[in-house]
């Protein structure tokens, strides 16, 4: 075997085309990200309606200023956990982070519903 490289041999990757940017999988990921962001920002923009509802029904004895903290904290939590969640998905993969989310989201809603029902019943 010789250590010499044959300069007349064609390069293997010379005629290979670059990978496609818009594949089916990337398009579905883009659409999913758009829908997720659309719903998240829509919910945050509509918080004034929720604030009026909470003030009229569940949280009558609280000021609107105190009720507004719910929306403020919600916005902070969504954007504060976005960067660490992105790093987690990059390092671990979306399958494991999605299974973690699917464990904690119902637990969060169970606590929220318990508080709401407790305030309505009592």
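A short reminder: the numbers here are calculations on the coordinates, not readings from a lab. As the structure is a computational prediction, the values presented were derived from the model and not from experiment. For neighbour counting, all protein chains shown are included, and Cβ atoms are generated from backbone atoms with ideal geometry for every residue, glycine included.
Some points to look at:
- Ranked for footprinting exposure by Cβ neighbours inside 10 Å, fewest first, 21, 64 give 21, 64.
- Label point at residue 91 placed 7 Å out along Cα→Cβ; residues across segment 33-66 whose backbone nitrogen lies under 12 Å: none
- Put in line by how crowded their Cβ is, counting other Cβ atoms within 10 Å and starting with the fewest, 62, 55 read 62, 55.
- Shape analysis of segment 61-113 places it in the oblate category; the axes a ≥ b ≥ c from the Cα gyration tensor give an a/c of at least 1.5, with a/b not above b/c.
- Considering all C-alpha pairs of segment 31-104, those separated by over 14 Å amount to 71%.
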